[in-house]
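Worksheet: one structure, shown below.
Where a number appears in this text, it was derived from the coordinates with a stated rule and is not lab data. Because the structure is predicted, anything quoted here is derived from the model rather than measured. With ideal geometry, Cβ positions are generated from the backbone for all residues, glycine too; neighbour counts draw on all protein chains shown.
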Amino acid sequence: VNDFNEKLSSIVGRENVIVDLSSRKQLSKDFYWYSPVLTDMLDDKIADYIVKPSNEEEIKGILSIAVQNKIPVTVRGAGTGNYGQIIPMDGGILIDTTRMNRIIQIEDGSIRVEPGVKLGLIEKKLREGNQELCIYPSTFIKATAGGFVSGGSGGIGSISWGNLWDGNVLELRVLTMEENPRVLTVKGEEMMNYIHSYGTTGILTEVVFRTTKRVEWKQCIASFSNLENSLIFSEKIAKDSTIKKRSISTCEWPIPSYFQPLEKVIEPDKHIVILEVEDHSFELVKSLVSEHEGTVTYEIPPSNYQKGIRLSDFTWNHTTLWALRANEKMTYLQGSFSLDSYLEQIKLIKEKYKDEFYNHFDWMRSNGEIIPQQIPLVRYKTKEHLSEMISFCESIGVKIFDPHTNLLDKGGWEAYIDSVVQKKNENDPYGLLNPGKIGVVTDLVKG
Ligand code: FAD
C-alpha cells in the first residue's frame, strides 16, 4: 500500500494524495442521500486514495499505474451528483479534478475549459464578455464542467436549448483507461458515449460548451390560487416563441412553504411559477399572469442577476433540497409528462396519492418539443411503496427516470447502453473505470 502511495505521490506530489480516513470518507460521497434507497446501499463505500492532479499528463500517469495494478479509478468534480455517481463501489483511486480549473479559450459561440472549472465561474467570465452558457444545472456555483457533462442532464436554459445532448456540448477531449492511455477528440453523435455516462467510458480532460449572446434576465415569482391556472400559464409561456426565457418552474403548494429564504414573499396556499424571462418581455409576461388569475408577487431586476437571492436556487433538484431541509420525510422522482395530457395525468396521480405527491415541473424543450418535465416531491414510506408509485406513473404514460438507482441503465439510459458498453470495452478493457455503475456489466461480472 505504501509503495503505491509513493508511486501516486511521485506523479502529483505528496500533498495531492489524500489518505486520511475522514477526508476520504467525505470526498467519496455525493448527494446520494437524497434517496433513502441509495443511502442504505452506498453509505459504507469509500476510496482508498484521493488524488488531485493538475494536468492531463498527471492523469495519464495515474491511469497507467492503476491499469498495471488493476486498481479501479473513479473521477469526482464537485460531488453534487444525486445518484451516487462518484461513489467508488470497489474502493481504489478517486481522482479529484478541481485543480484542473483553467478556462482555455473563449470564442464567439463556444468556450473550451478544463474539467474541474466551476460552471459558475464559466458563466461569470462569459457574461463579462457579453455571452452566457446555453444551459447549466441549478448547482452551477459549485458544479464542475466535467461533472455536469458526465453526470448531469440539463437545467437553467433547457426551456430554450434542451439537454446536454441537444447540441450544448461541442467537443470533448478524453483519456482512455489503458496502460498507455490514448487521447481522443470526440465530436458529434460519438459524444453520446460520454455525455451522462458517469465517467465509465473515459476521463474528460477538456470540454467545449456551446455559448450564446448574453441576455438581461428578469427573475420573478407569479402566484396562483388554482394549480391548473398556474400550469396553463406555464405552458403558454413555454410555447410562446416571442418570449425569451431561461427557466419556468411550477411548484404546487405546499412546496413553496419549504423555501425558507423566500418566506417573506411566499403567500399561504398559493402555487407558484418561478420565471427567468428577458427583461423587455416582462410586461407581456405580467399581463399573461393576470389573464390566468395570478399575481406577480416578487421581482428581481436584471442588475441583481446571479447576485444575492438567485431564484434558480429553488428550481430543478434544489426544490427537493429545501423540503429535506424543512425536515419533511420526502424524497423525489423524475419524469416526463405528456404535453397533450399532463393535466389528466396529474389528476389521476393526485386522486391516488393525494398529499404523498406534490407537483414540481421544470418545463423544457428537447428536439424542438416542449416537455412538461417534473421532479415531484413524494412522501417516502418504503422502497416497495416507491416502486409501486413509479409503476402507477408509468401505467398512465409518464416516463419515469428512476433517481433511486446508481445504475446508468436503470436510471433512464437504457436506450444508449449498448453503445456505451461497447465503448467501455474499447476504452477500458479491464473494466476499471467507475465499476458497478452499469447494470448489464455488473450482472455479467456476477455471472
Ligand atoms: P460530480 O458529482 O463530481 O460527478 C458527476 C459524474 O461525473 C460522476 O459519475 C463522475 O465520476 C463523473 N465525472 C466528473 N468529472 C469527470 C471527468 N473529468 N471525466 C469523466 N467523468 C467525470 N443536475 C442537472 O443536470 N441539472 C440540475 O439542474 C441539477 N440540479 C441539482 C440540484 C441539487 C441541489 C443537487 C444536489 C444536484 C443537482 N443536479 C442537477 C445534479 C448535479 O449537481 C449536476 O449534474 C452537476 O453538474 C454535477 O457536477 P459535479 O461537478 O458535482 O459532478
From the Cα centre of the range 277-310 to that of the range 184-222, the distance in Å is 28 Å
Skipping prolines and chain starts, which residues have an amide H placed within reach, meaning under 5 Å, of the one on F357, given they are 5 or more residues away or on another chain? R379
Segment N55-E388, extension gain: residue separation times 0.36 nm, minus the distance between their alpha carbons: 115.2 nm
Non-local residues with an amide H under 5 Å from the amide H of C134, with H modelled 1.01 Å from N and Pro and chain starts lacking one, are T212
A convex hull over the alpha carbons of the range 2-96 yields, per residue, a volume in Å³ of 88 Å³
Please compute, for the alpha-carbon atoms of the range 3-52, the extent along each of the three principal axes and give them in descending order in Å. 40, 16, 15
DSSP bridge pairs, the range 2-96: antiparallel proportion in percent, nearest 5: 20 percent
Whole-Hz Karplus ³J(HN,Hα) for the range 4-16, in order, using 6.51 cos²θ - 1.76 cosθ + 1.60 and θ = phi - 60°, x for Gly and Pro? 5, 4, 4, 4, 5, 4, 5, 8, 10, x, 4, 5, 9
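Of the beta bridges DSSP finds with both residues in the chain, what % are antiparallel, to the nearest 5?
Rounded to the nearest five, the antiparallel share is 90 percent.
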Mind checking the log10 I(q)/I(0) for the range 240-360 at q = 0.17 Å⁻¹? Debye, one equal scatterer per Cα, no solvent, two decimals. -1.02
With label points set 7 Å from each Cα along the Cα-to-Cβ direction at L343 and Q306, the distance between them in nm comes to 3.7 nm
With θ set to phi - 60° and the Karplus curve 6.51 cos²θ - 1.76 cosθ + 1.60, what are the ³J(HN,Hα) couplings of the range 104-117 in order, to the nearest whole Hz, using x for Gly and Pro? 8, 7, 10, 10, 6, x, 7, 9, 10, 9, 6, x, x, 6
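Can you order the peptides 406-416, 301-311 by their average number of other Cβ atoms within 10 Å per residue, highest first? Don't jump to the answer; show the numbers that get you there.
Working: 406-416: 18.8, 301-311: 14.1.
Packing proxy ranking, top to bottom: 406-416, 301-311.
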Over its Cα atoms, what ratio of radius of gyration to 2.2 N^0.38 Å does the range 304-447 give? 1.23
Lysines within cross-link reach of K218: Cα-Cα under 27 Å, excluding same-chain residues under 8 positions apart? K118, K124, K125, K142, K236, K239, K244, K245, K264, K270, K286, K307
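Hey, can you rank 14-27, 133-146 by average C-beta count inside 10 Å, highest first?
Details: 14-27: 13.4, 133-146: 24.9.
Descending packing order for the listed peptides: 133-146, 14-27.
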Residue of H318, H360, H271 that the Gaussian network model of the chain assigns the largest fluctuation, springs spanning Cα pairs under 10 Å: H318
At 222 nm, what helix-only mean residue ellipticity would the chain give, in deg cm²/dmol to the nearest 500, using -39500 (n - 2.57) for each DSSP H run of four or more? -8500 deg cm²/dmol
Placing one identical point scatterer on every Cα of the range 54-148 and ignoring solvent, what is log10 I(q)/I(0) from the Debye formula at q = 0.12, 0.21, 0.24 Å⁻¹? -0.44, -1.03, -1.19
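Sorted by average packing, counted as other Cβ atoms within 10 angstrom per residue and highest first, what order do 250-256, 201-207 take? Kindly include the intermediate steps, with their values, before the conclusion.
Numbers: 250-256: 23.4, 201-207: 26.0.
Top of the packing list down: 201-207, 250-256.
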Give, to the nearest whole percent, the P(r) tail of the range 304-352 beyond 13 angstrom, counting all Cα pairs. 71 percent
Mean 1/r over all different Cα pairs, inverted: what Kirkwood radius does the chain give, in Å? 22.6 Å
Just how far, in whole angstrom, is the range 64-134 from the range 378-447 if you go by their alpha carbon centroids? 23 Å
Mean shadow area of the range 169-223 over all directions, Cα convex hull, nm²: 6.2 nm²
